[in-house]
Amino acid sequence: MYAIINAKMTYLDYAATSPLLPEVREAMHRAEKRFFANASALHTPGHLAMNEIERTRELLAKMIGAEPDEIVFTSGASESNNAVIRTFEGHQIETSPLEHHSIIETAREYKGDKLPKLYSYMQANNETGEILDLAEVVRRAAKDESVDCPEMFDKKNDWGKPLVTVRKGGYIHSDLTQTLGKIPIDIKKLGVDYATFSAHKIGGPVGVGALYVRRGVPFKPLIIGGNQENKRRGGTYNTVGIIGFGAALEYVLREKTWKKYDKEVRRLRDGLAKRILTEIPGSSLNTNLTYGASLPNILNVSFRAAEGESIQLYLDAEGIVVSTGSACAAGDTKPSHVLMAKTGDAEVAHSSIRFSFGLENTKEDIDKVMEVLPGIINRLQQISTIQS
Ligand code: PMP
């Protein structure tokens, strides 16, 4: 379907990034010619560019149920996450061990002991797809209770501490990068103070993201040096990128993509899971398929005595593109921090593969995976048995 993807390639790495939607590419090509001016300039071409930026802002606000002035454009989810954490530099910052590195590393670097406290818990995990009941977290925070229940966070860590703790009087941030377009989002119902988004997970361009900042909550700009975004993010506007983000949001709203993910993509995902479990000895799921417990487009599986990176490379040689844990950690030989936090088992974490689906995937893609995967796992398991 996409020129950038070889017709013979089976792409199952949408959670890492998704190809540009054709209508996004067209919108960006048009924008390059028409909206080249600096959007902060007072001249007419500047105004025209700014109008387009405001259109994307309104679309995102509409999509999540926020006010347009609560949206700040950034260079992506990593920047949005950094901006929230840095706002609370020197404060107590609580995150789960399952967060994206742009939360974990930043919090480690900048946290201190001042109050009020910041809590940052992602709504859906990028490696396993598992969902946290965020609205419940916010409700419990209002009551000063710790949260120990929802699926993704049902396990206590080594110290017997619940993975999610919230207390009255703090602010709550959530990384919604993986949920936008996949499940409906109503930011006011969720009740969070800050939320992170990225365009490239919904068919938009890489390098554009947004941060929801609820009216009245603290915010310190990460990029200082301009009046852009109401002094909340300096730097010349990435007009073409933001227009691309807008075109992707239009697609999401028009197609109601979350409904398609819920029905069509879930069927594919669950179908693949079932076939893997029945046809491949030693396979086990790291994603809970119970309705509502995980995003419908992510499936994380471990294969006993087969190494994730080897599986990935063998599948790649067959034209099937998957990932081991998060792409950001690729080349990192440490087991996935997410699976380690969830299972505590390095073998499970090392032998895992993430399949992540998009709306373009079909049943033929599943058939293609199942034509080759059992043989690959069998071969790797045999080598491993010989070695041990
Ligand atoms: N948070 C999550 C949950 C993600 O999945 C990703 C992308 N892997 C990011 C943050 C980083 O997004 P970006 O590439 O837009 O910086």
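The numbers here are math on the coordinates, done by the rules we state, and not lab data. What you see is a predicted model; the values in this text were computed from it and never measured. Cβ: placed from backbone, ideal geometry, glycine included. Neighbour counts: every protein chain shown.
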Placed amide H near Glu94: partners under 5 Å, 5+ positions off or other chain: Leu118, Tyr119, Ser120
Going fewest to most other Cβ atoms within 10 Å around each Cβ, Ser351, Ser146, Ser78 line up as Ser146, Ser78, Ser351
Anyone know which of Gly170, Gly204, Gly112 comes out most mobile in the 10 Å Cα GNM of the chain? Gly112
For the chain, what mean projected area does the convex hull of the alpha carbons give, in nm²? 19.3
Return the long-range amide H neighbours of Ser198 (sequence gap of 5 or more, or a different chain), with a cut-off of under 5 Å between placed amide H atoms. Ala210
Using +1 at the Cβ of each Lys and Arg and -1 at the Cβ of each Asp and Glu in the chain, identify which of Leu118, Ile71, His200 lies farthest towards the dipole's positive end. Ile71
At a 10 Å Cβ-Cβ cut-off, how would you order His29, His100, His91, His43, fewest neighbours first? His43, His29, His91, His100
Relative contact order of the stretch 191-233: what whole-number percent is it, with Cα pairs under 8 angstrom and at least 6 residues apart? 29
Work out, step by step, the length gained on full extension between Leu48 and Glu26: first 0.36 nm times the residue separation, then minus their alpha carbon distance; give nm to one decimal. 6.1 nm
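Fewest first, what order do Thr106, Thr324 take by the number of other Cβ atoms within 10 Å?
Thr106, Thr324
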Vicinal HN-Hα couplings computed from phi for the stretch 180-192 (Karplus, 6.51 cos²θ - 1.76 cosθ + 1.60; Hz; Gly/Pro x): 4, x, 9, 9, x, 10, 10, 5, 6, 5, 4, x, 7
Starting at the first residue of the stretch 280-286, write each ³J(HN,Hα) from the Karplus equation 6.51 cos²θ - 1.76 cosθ + 1.60 with θ = phi - 60°, in whole Hz, x for Gly and Pro. 10, x, x, 8, 8, 8, 9
Label-point separation, Thr236 to Phe36 (7 Å along Cα→Cβ), nm: 1.2
Listed by chain and number, the residues whose amide H is under 5 Å from that of Thr10, excluding neighbours fewer than 5 places away on the same chain and using placed H, are Ile320, Val321
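Around Ile187, with a cut-off of 9 angstrom between Cβ atoms, what is the net charge of the other residues, counting Lys and Arg +1 and Asp and Glu -1?
+1
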Acute angle (nearest 10 degrees) that the helix 239-255 long axis makes with the longest principal axis of the chain, alpha-carbon atoms: 60
Cα-Cα over 26 Å, subset of Lys188/Lys256; Lys231/Lys256; Lys117/Lys143: Lys231/Lys256
Rounded to whole Hz and in sequence order, give me ³J(HN,Hα) for the stretch 293-307 from the Karplus expression 6.51 cos²θ - 1.76 cosθ + 1.60, θ = phi - 60°, writing x for Gly and Pro. 8, 8, 4, x, 10, 10, 9, 10, 10, 10, 10, 4, 6, 10, 8
Taking a cut-off of 12 Å between Cα atoms, list the aspartates and glutamates near Lys260, but don't count ones fewer than 8 places away on the same chain. Glu360
Between Thr165, Thr362, Thr44, find the one with the highest GNM mean-square fluctuation for the chain; connect C-alpha pairs within less than 10 Å. Thr44
